[in-house]
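The values are calculated or read from the model by the stated rules, or taken from the named source; none is laboratory data. Everything quoted here is computed from the prediction, not taken from an experiment. With ideal geometry, Cβ positions are generated from the backbone for all residues, glycine too; neighbour counts draw on all protein chains shown. These area figures cover heavy atoms from the full protein model, side chains too; ligands, DNA and RNA do not enter into them. Shrake-Rupley method; radii C 1.70, N 1.55, O 1.52, S 1.80 Å.
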Amino acid sequence: MVRAETNSRSNTILILGDHNHHGLEGALADLGFTPVVWSSALHSLDKLRSQPIHAVVIDRDVAHADVLEFILNVRDINAHIPIVVVAHRKQDQTDEAMRQQSQVIYIQASSQDPQLCETLSQLLVPEKN
C-alpha cells in the first residue's frame with residue numbers, strides 16, 4: 001500500500017464532500033485529525049491556500065464538483081499534499097485519470113465502510129520510528 005507524504009505540522013484534513021454524510025468525518029476524527037468539510041470546491045481551495053492542511057480527502061460519491069479539475073487545482077496550490085479519493089463505485093474514465101495524478105490515492109469503498117478508518121490510518125498517520 002502506498003503511504004502518503006503528509007504535512008506533519010497540521011492535523012487538519014480538508015474533506016470535499018457533503019455535511020450530511022458523516023462517515024469520512026467520523027473516521028478521520030477517530031484517528032485524531034480535525035476534519036473540515038466543505039461542499040464547495042472554491043471554498044475548499046480558499047482554505048487550502050490560507051490554512052495549513054495535512055491532506056485532502058474527496059468523497060467522490062457526494063462531491064458536488066468536477067473532482068479531476070479540483071485535484072488539478074489542488075496540485076497548482078500544493079504539489080505535494082496527499083489527496084485521497086474515496087468512491088463507493090467506479091464512475092467513469094475520470095477515475096483512471098485521477099489515479100495517474102501524483103500523490104493521489106484512490107480507495108474504492110463507501111464512506112460508511114467500517115474498514116475505511118483502518119485504511120485511512122495506514123495512509124495518513126505518520127509511521128513512528
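How about the stretch 1-25: which of its residues are modelled with pLDDT under 85, within 14 Å of residue 120 (Cβ to Cβ) and open to solvent by less than 30 Å² (accessible area, probe 1.4 Å)?
Scanning the stretch 1-25 gives 4, 23, 24.
Does at least one position in the stretch 37-49 carry a residue that is in contact with a Ser or Thr (Cβ under 6 Å, 6 or more places away or on another chain) and either of a type in the set (Lys, Arg) or over 18 Å from residue 25 (Cα atoms) (or both)? Break it down stepwise before answering.
Applying the first criterion (in contact with a Ser or Thr (Cβ under 6 Å, 6 or more places away or on another chain)) to the stretch 37-49 yields 38.
In the following step, the residues that additionally are either of a type in the set (Lys, Arg) or over 18 Å from residue 25 (Cα atoms) (or both) were identified as none.
No, every residue in the stretch 37-49 fails to be in contact with a Ser or Thr (Cβ under 6 Å, 6 or more places away or on another chain) and either of a type in the set (Lys, Arg) or over 18 Å from residue 25 (Cα atoms) (or both).
Look at the stretch 69-96 and say how many of its residues are assigned to a loop (DSSP other than H, G, I, E, B), at pLDDT below 90 and of a type in the set (S, T, N, Q).
Residues in the stretch 69-96 being assigned to a loop (DSSP other than H, G, I, E, B), at pLDDT below 90 and of a type in the set (S, T, N, Q): 1 in total.
Regarding residue 59, is this residue under 21 Å from residue 113 (Cβ atoms) and open to solvent by less than 40 Å² (accessible area, probe 1.4 Å)?
Details: under 21 Å from residue 113 (Cβ atoms): yes; open to solvent by less than 40 Å² (accessible area, probe 1.4 Å): yes.
Taking the combined requirement at face value, the residue satisfies it.
Exactly one condition in (1) modelled with pLDDT under 80; (2) over 21 Å from residue 18 (Cβ atoms); (3) among the acidic types (Asp, Glu) is false for residue 61; which is it?
Among (1) modelled with pLDDT under 80; (2) over 21 Å from residue 18 (Cβ atoms); (3) among the acidic types (Asp, Glu), residue 61 violates only (2).
Name the residues in the stretch 37-56 that are surrounded by fewer than 16 Cβ atoms within 10 Å (Cβ to Cβ) and aliphatic (A, V, I, L, M), would you?
Of everything in the stretch 37-56, just one residue is surrounded by fewer than 16 Cβ atoms within 10 Å (Cβ to Cβ) and aliphatic (A, V, I, L, M), namely 42.
Take the residues in the stretch 62-84 that are over 12 Å from the mean Cα position of the chain (by Cα) and closer than 14 Å to residue 15 by Cα, then tell me which one is surrounded by the fewest Cβ atoms within 10 Å (Cβ to Cβ).
Filtering the stretch 62-84 for residues over 12 Å from the mean Cα position of the chain (by Cα) gives 62, 64-66, 68-69, 72-73, 75-80.
Filter once more, keeping what is closer than 14 Å to residue 15 by Cα: 62, 64-65.
On the way: 62: 18, 64: 10, 65: 19.
Taking the candidates together, the pick is 64.
Are any residues in the stretch 40-66 of a type in the set (Asp, Glu) and touching a residue at least 12 places away in the same chain (Cβ under 8 Å), and if so, which ones? Explain how you work it out, then say what you get.
Residues of the stretch 40-66 that are of a type in the set (Asp, Glu), as a first pass: 46, 59, 61, 66.
Of everything in the stretch 40-66, those that are of a type in the set (Asp, Glu) and touching a residue at least 12 places away in the same chain (Cβ under 8 Å) turn out to be 59, 61, 66.
Filter the stretch 67-78 for residues that are of a type in the set (A, V, I, L, M) and free of Cβ contacts under 8 Å to residues at least 24 places away in the same chain and give the result. Can you show your working first?
Step one: filter the stretch 67-78 for residues of a type in the set (A, V, I, L, M), giving 67-68, 71-72, 74, 77.
Of everything in the stretch 67-78, nothing turns out to be of a type in the set (A, V, I, L, M) and free of Cβ contacts under 8 Å to residues at least 24 places away in the same chain.
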